[in-house]
Structures are given as C-alpha cells and as structure tokens.
Amino acid sequence: MLTANHLSHTYGSGAGAHAALADIDFTVEQGELVSIVGPSGCGKTTLLRTLSGLMRPTGGSVTFHGDEIVEVPTGLAMVFQDYSRSLYPWLTVEDNVRFPLRRLHLPKEELRSRIDEALAAVGLTGHAAKYPGQLSGGMQQRVAIARALAYRPEILLMDEPFASIDAQTREDLEDLVLEVKQRFSMTIIFVTHDIDESVYLADRVVVLSKPPTRVVTILDVPLPGERDQISTKELPEFIRLRGEVARLIRHPRDAQEPVAAAAG
Amino acid sequence: MSTVSGRTDSKAALPGAATRRSGPMLRWLGTRGPREFVLRWVVLFALFIGWELAAKAAESPYFPPPSEFAARAAELWLPADGTWLTEATANDVLPSLARMFGGLALGSLVAVVLGVAIGLSRRLGDYVDPLIQFSRAIPPPALIPIFLVLFDRGALMRVLLIAFGAMWPVLLNTIEGVRSVDVIKYETASIFRIGFADKLVRIVLPGAAQKVFAGLRTSLALGLILMVISEMVASTGGIGFHIVQAQRSFQILDMWAGILLLGVLGYLLNLVLTVVERRVLAWHRTTNREIA
Ligand SMILES: Nc1ncnc2c1ncn2[C@@H]1O[C@H](COP(=O)(O)OP(=O)(O)OP(=O)(O)O)[C@@H](O)[C@H]1O
Ligand SMILES: [Mg+2]
C-alpha cells in the first residue's frame, strides 16, 4: 500500500549538511499496523514527513497505491509530534476536530456523529466547547488524535502520539488505536520511542539505526490479533520481542547474538 | 529496557475558568475591577477639580474653567430640544467621523491585504521593505500640500491622507503577525488537504489577529490626529476646522470645547476597539494562562 524505496533525506547542503535518512526501504500493507522505533533524533519525524508527502525526500521515493507521492494524498492523515503547535488555539476543541472535515462535504448528521464519536473515543466528551489553551498537554494531544480519527483516513501516520499522556490514559488510547484499526481496517504507521508500545500495537516493528539512518531490521510480531494490556504483555513471545527490539536499538551490529550483547 | 514517559495530566479539569470572565466587560468602563475603576477615575476627577480652581483663580480669558467649556460642549453637541442631531454635530462631528472612519477603513484594508501578502512571501518582503521603511518615515502632514494638488480640497483628499498616514502600524503589525504563525499549523492543514483560501481565512488571519489589533489601536490614534490636522488646512468643516475657527474669532470657550470633544472621542473610540478586540480574541485569553 505504502512503500519507501531507497528513501534518503539530507537537510541543508555543503559543510552544514545533515544526512538524516541514509537509505530506508520498507512496505506497509493494507490494514497493517507498523511501528517505527529508533534512537532519539534518528529521523523518525523526517521519515513521516516524507511518507506523508509534506516534504519531498532528497533521494528515493514513496509510493502510495503504486503512485509516487508528490503531495499529500487523499485518505492520509497524520498526528504531529508537536501536538500543541498543530492545534488551532482560536478554534474550540470541537471546531478543531471539525476543521479537516470541511472539505469532505459530509451530511450534517454524519458530521455531528463523527465529531461526537471521536471526542468520546478519546474521553473528551464535555470539553467540546473549550479552547485548546484551557486543556492540559495530554488533553490537547487527545484532541489532535480525535481530529485524525474523525477524518477516517485510509492510512494514519502517528508521530509519538502518546508521549505526553499519563500511563493509564495511554493504555486506553493504545487499545483505541487497535480498535480503530479493526473497525475501519485502517492502515497505521506508529512512531514511538516506547519499546513495549511498539511491540504491543504492531503487526511489524521497523527498527531504525542512529544517523545516517537505515532500517536495522523489520521484526514480525506473531502475537495473537486480540491484544490485552495485561495478558499479552505476559506472553513469553512478547517478552522475547521487546528484549530483541531493545537490543537492536542499543547494539544494532551484534544484535544477532543476543547473549553476547546482553553481557556487553 | 522500555521507557515510559507519561506525564500525568492532573491539571485537566478546570471547567471554563477563562471563558466565564468575559461577561462584565463594560461594567467598569474598560478597567479590570472596582478598585482600578476608582483609582483611575478619582485621579482624573481630582485633576479636573484642581484645574477648575486654578482657572477660576487666574481669571485668564484664554484659560476658562473646565466646567464652563464642558457646558459649552454639551450645548453644542449633546442632543437637545427633541433633536438627536444638533447643528454643530451635523456640521463638525459627523463629517469628521465619516472621514476618519473612511480613511481608517481604507488604510487598514489595504494594510491587511498587503501585510498578509508580504508576511507570507519572504521574497516580496525583501523587495518592498526599503520602500515601506522610507514611506512610513515621512510625517503624513508633510504630504498635505501634495495631496491638495493631487486630490483638491474635498473629502477625498482628507480620507486618503488619513488612510495613508494610518496604514503603517497595521501594515507592519500584520506582517509580523503573519510571520509569527507556526508553520506546523499550515502543515496540519496541508495534511488534511485544506486549500489556500481556507488557510488564509482560518489560519493566517486568526493567527495574525492579535497583532493586527495592536496595529489598529495605534492607527486609530493616528487617524484622529490626521483627521484634525487635515481639517485645519483649506477646510470648511469638521472638528479641526471648528477649533481653528474658534481660535481665530476669539471664541475661546468654543476652542476648548473642541479640544474636550476630541479627548472624549479618542477615549470612546479606543474603548470600542477594546471591546471588539476582546470579543474577537476571546480565545486568546485562554492561552498564556496558568492552564495552558
Ligand atoms: N528542518 C530541519 N533542518 C535541518 N535539520 C533538521 C530539520 N529537521 C530535523 N533536522 C535534523 O534531522 C535529524 C532528525 O530529526 P527528526 O526530527 O526527524 O528526528 P526524530 O527521530 O523525529 O527525533 P525525536 O526522537 O526527537 O522526535 C535531527 O538531527 C535534526 O536536528
Ligand atoms: Mg520526532
């Protein structure tokens, strides 16, 4: 569905140039949830910006349904890492969620129900008339998530969406993402630096290296489809996977020998 | 191992703390509460009493006591004898206000349109910056002779002079306001495939609104000044004309009454602008607050 072909991106040129992405190759299939993990500053946000069509990569290409992406395609949405900067402080919570729906020309009732459902899903019913400035950071982030959910994209890119949300709400929202994926057979690319989260949510985990960034490995997550915050995380398979991801991030080269890596 | 970086959002529920304050907006005439109200008005009142006493003691024909020229102003311009519009109001105040609002509206409109264009395009900004810096440095009254030649002595010349002189604060502030809008707000709109016109109306303008209002406030004061000055030259009506005319014919009370009228008008206009701004920027008082 979405493919990155030898994607590379360098910021600036000459002496000040910074090679953020060196060579990224992977494909995301329809209905799949792929999580992307990597060390801080390795270019995860840069990657999502090129995948979304917001920014042209300096090398390689991205294809969506086989067509090369040159601008943001229809049916794609993104939740930005800088959620507070991505909300419109002059619009109420409800109007922020309504904003992207303007162009979809939905019937009135559907517009209403989509907004209400999205706000309910992130637990913000009753805050609809407030302005973002009246909400805490975690609540603002949930508004940004609700906005993307109400838009019902085919593919949703999420850039560390739960970074500023408390542990309990975070687990609820993780389960919400899984539910939304099921219900609308949404394809999701989920950037996170939380290793448990990356394994718990994903069908596959893409592990990135330090800059210049490449794909270290793509791990399959053969956990049962129906996931549960407690029992799934107790499975030996889950524990093995999260250990492997952690090792891959820390020592990408000797990751194939887990024992040696653990001793070092 | 795995990292968990969840912050708690215990600050979450503070229902509508900020919105509720917008209610008694006018109750204290633009001040924030009874205390400030008393402080502000008592000082002003005391000043007038001092002035009154001093003027009475001095008995100078050029400095009449405020009570006298205030009474004269009321006689000239306050509604009386069943008519809303006294002759003096129709001759002096209304034409003046019409010219000033005309000039301000025109100047602000041009300034906002130009400001948005310049604010959005770095390149355009680089091209026109020297021109702007030069033009705004010219004291507008110095242009009266040219404007008189170009547009004759009618209302148009005065409206254009006010427009030209008062547009700079709005222009400069609009440019700054537009440039201050966070690029992520545009990118968010791009992600949802929002078109250019919608971005303009729903992101650029609201994002720059606070600065635009700051510019309008300065422009309003400039507009009033230019209105008076333009009416003091080659004119047959308006508040400025009234003041000059009164001075020339030694009607000192009328002269002072005109000055008082200008003060009151300036105050009221600013008050109106403040109220409009608070309405339009109601959302703004919700940010930069302890809850943000
Ligand atoms: N607009 C830009 N111009 C120049 N360099 C940039 C720009 N944006 C990002 N970079 C650099 O590219 C690198 C990757 O940045 P990016 O934000 O994509 O990383 P990230 O993995 O998302 O980081 P984080 O984990 O902090 O979210 C960083 O070194 C950053 O300084
Ligand atoms: Mg990032």
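Data for the structure
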| read-out | value |
| --- | --- |
| Where B:LEU85, A:LEU111 fall by accessible area, highest first, once all protein chains stay in place (1.4 Å) | B:LEU85, A:LEU111 |
| Contour minus Cα-Cα distance for A:GLU179 and A:ASP228 (0.36 nm per residue) | 16.5 nm |
| Nitroxide proxy distance, nm - points 7 Å out along Cα→Cβ at B:THR236 and B:GLU36 | 4.7 |
| Accessible area buried, both sides summed, chains A and B with 1.4 Å probe, Å² | 4000 |
| FRET efficiency estimate (nearest 0.05) - Cβ-Cβ, B:ASP126 to B:ASN270, R0 35 angstrom | 0.50 |
| Square roots of five times the Cα gyration tensor eigenvalues for the protein assembly as shown, Å | 64, 26, 20 |
| Residues of the range B:70-113 with amide N under 17 Å of the 7 Å Cα→Cβ point at B:ASP152 | none |
| The range A:125-239: translational diffusion in µm²/s, Stokes-Einstein, Kirkwood Rh over Cα pairs, 4 °C, 1.567 mPa s | 83 |
| Estimated dipole of the range B:86-291 in Debye, rounded to 20 [Cβ of Lys and Arg +1, of Asp and Glu -1, Cα centre] | 540 |
| Value in Å of the Kirkwood radius, where the range A:7-161 supplies the Cα pairs that are averaged | 17.0 |
| Mean projected area in nm² (Cα convex hull; one quarter of hull surface) for the range A:87-132 | 3.1 |
| Rg to Rh, two decimals, where chain A supplies the alpha carbon set and Rh follows Kirkwood | 0.97 |
| Ranked order, A:PHE64, B:PHE45, B:PHE63 - accessible area, probe 1.4 Å, largest first | B:PHE45, B:PHE63, A:PHE64 |
| Over chain A, relative contact order from alpha-carbon pairs under 8 Å, at least 6 apart, % | 24 |
| Hits among lysines - C-alpha to C-alpha of A:LYS210 under 21 Å, sequence gap 8 or more where chains match | A:LYS44 |
| The protein assembly as shown, accessible surface, carbon-and-sulfur percent (1.4 angstrom probe) | 61 |
| Average beta carbon contacts from partner chains per residue of A:165-176, 10 Å cutoff | 2 |
| Value of Rg to Rh for the range A:139-178 (Rh from inverse mean 1/r over Cα pairs, i.e. Kirkwood) | 0.94 |
| Net charge dipole size for the protein assembly as shown [Lys, Arg +1 and Asp, Glu -1 on Cβ; Debye, nearest 20] | 1260 |
| Value of [θ]222 nm, deg cm²/dmol, for the protein assembly as shown, DSSP H segments ≥ 4, -39500 (n - 2.57) each, nearest 500 | -17000 deg cm²/dmol |
| Accessible area of B:LEU44 in the full protein assembly, 1.4 Å probe (Å², nearest 10) | 80 |
| Rg/Rg_ref, the range B:113-235, where Rg_ref = 2.2 N^0.38 Å and atoms are Cα | 1.28 |
| Relative contact order, percent, chain B [alpha-carbon distance under 8 Å, six or more residues apart] | 23 |
| Paramagnetic reach from A:LYS210 (point 7 Å along Cα→Cβ, amide N under 20 Å) across the range A:20-61 | A:20-24, A:37-47 |
| Calculated Rg and Dmax of the range B:192-246 using C-alpha coordinates, Å | 19.5, 63 |
| Anchor B:LYS211: aspartates and glutamates whose Cα lies under 17 Å away (excluding residues fewer than 8 positions away in-chain) | B:GLU176, B:ASP182, B:GLU277 |
| Computed E for B:ILE49/B:ALA71 - FRET, C-beta separation, R0 22 angstrom, nearest 0.05 | 0.90 |
| Area of A:LEU149 that stays accessible when all protein chains are in place (1.4 Å probe, Å², to 10) | 20 |
| Area of A:HIS105 that stays accessible when all protein chains are in place (1.4 Å probe, Å², to 10) | 150 |
| Nearby lysines by direct alpha-carbon distance to A:LYS130 (threshold 20 angstrom, same-chain neighbours under 8 apart not counted) | B:LYS11, B:LYS185 |
| Largest to smallest principal axis extent of the C-alpha atoms in the range B:86-291, angstrom | 68, 41, 24 |
| DSSP beta bridge pairing in the protein assembly as shown, given as percent antiparallel to the nearest 5 | 50 |
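The values are calculated or read from the model by the stated rules, or taken from the named source; none is laboratory data. Computed from a predicted structure; not experimentally measured. Quick reminder, even Gly has a Cβ in these numbers, built from the backbone with ideal geometry, and neighbours come from all protein chains shown. These accessible areas exclude ligands, DNA and RNA; they are computed on the full protein's heavy atoms, side chains included. Shrake-Rupley method; radii C 1.70, N 1.55, O 1.52, S 1.80 Å.
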